[in-house]
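So the structure is just underneath, and the comments pick up after that.
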Amino acid sequence: MENNLIQQLSETTAHIRSKYNEQPLIGVVLGSGLGNFTGGMQVECEIEYSALPHFPVSTVKGHSGKLIFGKMAGKNVVVMAGRFHYYEGYTPQQVVYPIRVMKMLGVKTLLISNAAGGVNTSFKVGDIMIIKDHISLFIINPLLGKNEEALGTRFPDMSEPYSKDIISKAKSIAGDLNYEVKEGVYCGVTGPTFETRSEYKLIKAVGGDAVGMSTVQEVIAAAHAGMKVFAMSIITDLGIREEDNIITHEEVLAAANEAEPKLTAIFKGLVGAL
Ligand code: HPA
């Protein structure tokens, strides 16, 4: 018998419910080097991706690959520790599969983090940036193909995929913590190459403040499914600079680790405030 998407999602969701039957309202996607978020969480259940029917399996160093369920600030949350990137060879539909599972589990709000290259010349390595909008640059849209009306409409609006309300809460939390926080447009690329010097210039010219290899497909799927989204980047390198612009994955992870406590504090504040 052929499985359609909704059937697969139902099977994954049923498997999760057989292990953990509470309804998470907030979903969190942890990006590169941002794994400490779960430190302050009362973990109630962990499920490896490999144990979940129809779930893709994570391959990248630094991405562990499990769903973590529990409570933070009294709220039920589900955390994706390890995400799927298009550059790993997954289809766009596989990349967003976990987002759709979160939707089926009852998640209303999605908090997403990532590591990104700084393109705005006023940025420094270690800055944190609230994503106010994105530009999909050569990203394959995950909604291509048959539309599942049960998930969302054929032609979804994308005029405001990032919740203004959550952005303003995040700014006020960052202010209380005395953190400087940037705000900008995230350009999504496929990777896995970092950009050429000319590509960084292109991204700057089209209005990007940062560039990265994740997030955009996830946000599209979440917006399609009617979820509220908030996303933040850690600026891990400055490819836009003419000099000194050789970028390594190690450097990206190191910078992400360094800024991690700030992002984690803002995300925890948001969970409390939502
Ligand atoms: N480009 C694309 N993706 C990235 C970068 C970058 O400079 N830094 C971290 N992720």
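The values are calculated or read from the model by the stated rules, or taken from the named source; none is laboratory data. The model shown is predicted, which means the values in this text are computed figures rather than measured ones. Quick reminder, even Gly has a Cβ in these numbers, built from the backbone with ideal geometry, and neighbours come from all protein chains shown. Protein only, heavy atoms only, side chains kept; ligands, DNA and RNA dropped before computing areas. Shrake-Rupley method; radii C 1.70, N 1.55, O 1.52, S 1.80 Å.
Remark: segment 2-273 carries 42 Å² of accessible area per residue (probe radius 1.4 Å; ligands, DNA and RNA excluded). To the nearest 500 deg cm²/dmol, what mean residue ellipticity at 222 nm is calculated for the chain from DSSP H runs of n ≥ 4 alone, each contributing -39,500 (n - 2.57), summed and divided by the residues? Here the helix-only value at 222 nm equals -9500 deg cm²/dmol.
Could you tell me the calculated FRET efficiency between VAL206 and ASN141, based on Cβ-Cβ distance and R0 = 22 angstrom, to the nearest 0.05? Intermediate values should be presented prior to the final figure.
Values: r = 18 Å, r/R0 = 0.80.
Efficiency for this residue pair is about 0.80.
A crude spin-label estimate for the pair GLU44 and GLU183, with each label 7 Å from Cα along the Cβ direction, gives 3.5 nm. Can you tally the net charge around PRO56? Count Lys and Arg as +1, Asp and Glu as -1, for every other residue whose Cβ sits under 14 Å from the Cβ of PRO56. Neighbour charge sum, excluding PRO56 itself: 0. Highest GNM mean-square fluctuation among SER113, SER233, SER122, for the chain modelled with Cα contacts below 10 Å: SER122.
For the chain, what is the relative contact order in percent, using Cα pairs closer than 8 Å and at least 6 residues apart in sequence?
Details: 564 pairs, mean separation 70.7, N = 274.
This gives 26 percent for the chain.
How would you classify the chain from its alpha-carbon gyration tensor, with a ≥ b ≥ c the square roots of the eigenvalues: rounded for a/c under 1.5, else prolate if a/b is greater than b/c, otherwise oblate?
On the way: a/c = 1.63, a/b = 1.31, b/c = 1.24.
It comes out prolate by the Cα gyration axes.
Stretching the chain fully between ALA150 and GLU258 yields a gain of 34.8 nm (0.36 nm per residue, less the alpha carbon separation).
Helix screen, the chain: no DSSP H segment has Cα axial length of 20 Å or more and mean Kyte-Doolittle hydropathy at least 0.5.
Distances between placed amide hydrogens fall under 5 Å for CYS187 paired with ILE135, ASP209, ALA210, VAL211, GLY212, all partners being 5 or more residues away or on another chain.
Backbone N atoms of segment 220-263 closer than 19 Å to the 7 Å Cα→Cβ label point of THR196 belong to residues 239-248. Within the listed set ALA255, ALA221, ALA51, the Gaussian network model of the chain (springs between alpha-carbon atoms below 10 Å) gives the highest mean-square fluctuation for ALA51. When the solvent-accessible area of segment 2-273 is split by element, carbon and sulfur atoms take up 52 percent of it, the probe being 1.4 Å. For LEU110, the residues 5 or more places off, or on other chains, whose built amide H falls under 5 Å of its own are GLY27, LYS228, VAL229, PHE230. In this structure, the residue pairs whose Cα-Cα separation is over 32 Å, taken from LYS103/LYS169; LYS146/LYS171; LYS146/LYS182; LYS108/LYS146, are LYS146/LYS171; LYS146/LYS182.
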